[in-house]
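Each remark here refers to the structure printed beneath this line.
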Amino acid sequence: MERREEECLTPGMIDGYLGSLAGKGRSSSSLESYRRVLKGIYEYLPEGKTIREGTGAEWKSYLEGQGFSPVTVDCRISVWNGLVQYLGHREWQMDDFRREKGEAQPELSRAEYLKLLSMAKHMGKEKAYLIIKTLGGAGMRVQELPQLTVEAVRRGMVELEYHNARQKRVLYLPEGLRRELQGYINREGLHGGAVFRSLEGGPMARSSINYLVAIVGREAHVDEGKATPRGLWKMYQNTCMGIRADVSALIEQAYQRMMAEEQLAVGWDA
């Protein structure tokens, strides 16, 4: 079957995608967050609501121009990628976030993430513990780990560069993690450079990081498809989206209460 070069996005397509997510067990708060992002995509599109291969990149540039934080942009692009995959256009996904070919990756839950941390601690694998926490707790991508340096830990923030320094983002380390990283640095006698290193002294290879996480995952009885750096990153994104959905719901409730109080005070029939 010949692939279309463009599609007309309809509310029915969006509802269908949300229905597929609900069928995978997504929480109501996550679904509401997805719905808002998808509504934003729909409203961004010009008359005709046509999407094509370059639409994701154009929307990303628009979001950045509106001043959204890199984490927020990443989360929204993740929704775009899921939508176009659902529509049968994996080739329209943004390359930075495109999944490996094959079946969709099972998703790591927050409880399973905590199991990984607990098991790494139980096994005495401090490096694995810190890598898991940096990926899943702080939201760093595995390819960015070499940029987590001794100097960055001292500052409490990492200035990350990717796409040959054409794009940048700043990641602030949670204080608890920063203290743990500093303790590890002190015990390892590191004075500069990458925090996570190979036996030869250079930054750890991705294959070694994958292996460390997988070992902990097996001992923690977490599905091997979930106990991966990619699974940790996706869990971080889903957690952020759920929190934003909860905060948005609280804001809406507070606003409705305020309107009700004003209605009692100055409503037409008050």
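The values are calculated or read from the model by the stated rules, or taken from the named source; none is laboratory data. Bear in mind that the values here come from a model prediction, so they are computed numbers and not experimental data. Because the Cβ atoms are built from the backbone with ideal geometry, glycine has one as well, and the counts that use them run over all protein chains shown.
The set of residues from the stretch 234-270 being of a type in the set (Val, Ile, Thr) and farther than 17 Å from SER29 by Cα comprises just one member, VAL266.
Residues in the stretch 201-248 that are over 18 Å from LEU114 (Cβ atoms) and outside the structural domain of LEU190 (by TED's automatic domain parsing): MET241, ARG244, ALA245, ASP246, VAL247, SER248. Looking across the stretch 219-270, the residues that are surrounded by 18 or more Cβ atoms within 10 Å (Cβ to Cβ), closer than 30 Å to GLY124 by Cβ, within 19 Å of the chain's Cα centre (by Cα) and of a type in the set (Gly, Ala, Ser) come down to ALA227, GLY231. How many residues are over 18 Å from ARG244 (Cα atoms), among the β-branched types (Val, Ile, Thr) and surrounded by 16 or more Cβ atoms within 10 Å (Cβ to Cβ) if we restrict to the stretch 32-89? The qualifying residues number 3. Confirm whether GLU219 is touching a helix residue (DSSP H, G or I) at 6+ places or on another chain (Cβ under 7 Å) and modelled with pLDDT of 90 or more. So GLU219 passes the test.
When you look at ALA120, is it touching a helix residue (DSSP H, G or I) at 6+ places or on another chain (Cβ under 9 Å) and either surrounded by 18 or more Cβ atoms within 10 Å (Cβ to Cβ) or not aromatic (Phe, Trp, Tyr) (or both), yes or no? So ALA120 passes the test. Of the residues that make up the stretch 115-133, is at least one in the same structural domain as LEU173 (by TED's automatic domain parsing), part of a loop (DSSP other than H, G, I, E, B) and aliphatic (A, V, I, L, M)? No, the stretch 115-133 has no match at all.
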